[in-house]
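Read the figures in this text as sums done on the coordinates, not as results from a lab. Note that the coordinates shown come from a computational prediction; the quantities given were computed from them, not determined experimentally. All Cβ positions, even for glycine, are placed from backbone atoms using ideal geometry, and neighbour counts span all protein chains on display.
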Amino acid sequence: MPTLTIEYQTDAERLILEQAIAYASAMQRQAVTAPHGVVAACEQLALTQGRKLLQNTLASALQAQAHATDSKKNFPAAATKDDTNAGS
């Protein structure tokens with residue numbers, strides 16, 4: 001079996017890469033194993049797992065950007081809802 005070496009910068013990036021590989025593998029399996037309606041089966045997988053992959057990628061990118069911005073401004077981590085209600 002072939003192997004793949006991937007370089008990444010953060011654990012979040014590694015997780016997204018692993019999820020993308022898993023998604024591609026699942027799509028290949030779906031295309032090969034679907035008894036009939038291969039296009040419909042693959043479209044359904046794209047709509048569910050593909051959407052989840054995109055959401056995870058976006059969330060990770062936004063979190064990294066927010067963390068970088070907070071670090072530059074020397075802000076503490078964002079307050080949680082419980083923290084903001086504590087003083088009420």
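Among the numbered conditions (1) assigned to a helix (DSSP H, G or I); (2) without any contact (Cβ under 8 Å) to a residue 40 or more places away in the chain, the only one that residue 3 does not meet is (1). With respect to residue 8, determine if the residue is assigned to a loop (DSSP other than H, G, I, E, B) and either surrounded by 10 or more Cβ atoms within 10 Å (Cβ to Cβ) or in contact with a helix residue (DSSP H, G or I) (Cβ under 9 Å, 6 or more places away or on another chain) (or both). Criteria met by residue 8. Of all residues in the range 11-42, those that are of a type in the set (Gly, Ala, Ser), assigned to a helix (DSSP H, G or I) and surrounded by 13 or more Cβ atoms within 10 Å (Cβ to Cβ) total 5. Just for the range 43-59: of the residues that are hydrophobic (A, V, I, L, M, F, W, C) and touching a residue at least 12 places away in the same chain (Cβ under 8 Å), which one is surrounded by the fewest Cβ atoms within 10 Å (Cβ to Cβ)? Checked the range 43-59; the qualifying residue surrounded by the fewest Cβ atoms within 10 Å (Cβ to Cβ) is 46.
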